[in-house]
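Input: a single structure, listed below in structure tokens.
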Amino acid sequence: MTGFGRAEQTVADKTFLVEIKALNGKQFELQLKLPPLLRPYEFEIRNTLQEHLVRGTIDCYVNIKQNGTSKPVTINTELIKAYYNQIQQLAGELNIDTNSVLSALLRLPEIVSPTNEILNEGDFRDFSVVLLEALKELNTHREEEGNSLDKDLVTRIANIKEQEECILALEPNRKKRIQDEIHQLLNEHVGKENIDNNRMEQELIYYMEKIDIHEEQIRLRQHCEYFAEVMNGPEVGKGKKLSFILQEIGREINTTGSKAYDADIQKCVVKMKDELEKAKEQVLNVL
């Protein structure tokens, strides 16, 4: 979600400048700096920014330069005349030259004040074009970043599926090894002749069902396929959904690890967790 957009355009006697910077963020957080001319349109500007940027930490700076015949300030001519008449009367009594008094008068309180002028609707439409141009440039940067993220996320999920296939290949040997170890322990501590084979078979089936990871592997595979489906889908704002899917993938990986009781499968689980954490970091950049 990172990006930068800048647009500048001169229309008639005004030059509009818009700079927008976007960083990653779970929500839409906006820092908006507007000149007084645009204060009445702040709500519309905020809506436009949120509509086009969706979420992220946004810093938007807007400046308007007025050129030519524009009047960004107002001079209180009646007040300056009153000041001048009194100064001229005092200067006559003191025999002081008043030729250079104008610059001093302009610095007196309430002589020069900012104008209360605001942009008319036509000027605001011109400004909106510049704003949209800056947003377009920013979103272009976002799309370029998104293409890189897409490749990385696809690689992470593919690596998780690869480890899942390794677990699938290790699973038959794991079950046989666990059964053999249980039989060996019972023979050593109980004695083969003291074992109730029927009871042994029932307990063994119950135990093997408890540590079975077949369902977890099926769900893990389905979550990975769904992740790829959402990634390739046309919908907008899929970042949160992808994040939720990664949570489900993590749940199945953790359950697999807790049931594994196998060093080789645990190695696969560790590798999957590593890929999952990298995917979680990257998915925060997805809208």
Among (1) on the phi > 0 side of the Ramachandran plot; (2) surrounded by 14 or more Cβ atoms within 10 Å (Cβ to Cβ); (3) small (Gly, Ala, Ser), the one test that ALA12 misses: (2)
Looking only at residues in the stretch 270-287 that are surrounded by fewer than 19 Cβ atoms within 10 Å (Cβ to Cβ) and not basic (Lys, Arg), which one is farthest from ARG219 (Cα to Cα)? LEU287
On the given criteria, is ILE58 more than 18 Å from ASN285 (Cα to Cα), touching a strand residue (DSSP E or B) at 6+ places or on another chain (Cβ under 8 Å) and either loosely packed, with under 15 Cβ neighbours inside 10 Å or of a type outside the set (S, T, N, Q) (or both)? no
Answer yes or no: is there a residue in the stretch 208-225 that is at pLDDT below 80, on the phi < 0 side of the Ramachandran plot, among the hydrophobic types (A, V, I, L, M, F, W, C) and part of a helix (DSSP H, G or I). yes
Take ASN47 and tell me if it is exposed (fewer than 13 other Cβ atoms within 10 Å of the Cβ) and at pLDDT 85 or above. yes
Positions within the stretch 261-273 being over 17 Å from LYS161 (Cα atoms) and in a helix (DSSP H, G or I), in sequence order: ALA263
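The values are calculated or read from the model by the stated rules, or taken from the named source; none is laboratory data. Treat the numbers as computed from the prediction; the structure is a model and nothing was measured. Neighbour counts are summed over all protein chains in view; Cβ atoms, including those assigned to glycine, are modelled from backbone coordinates with ideal geometry.
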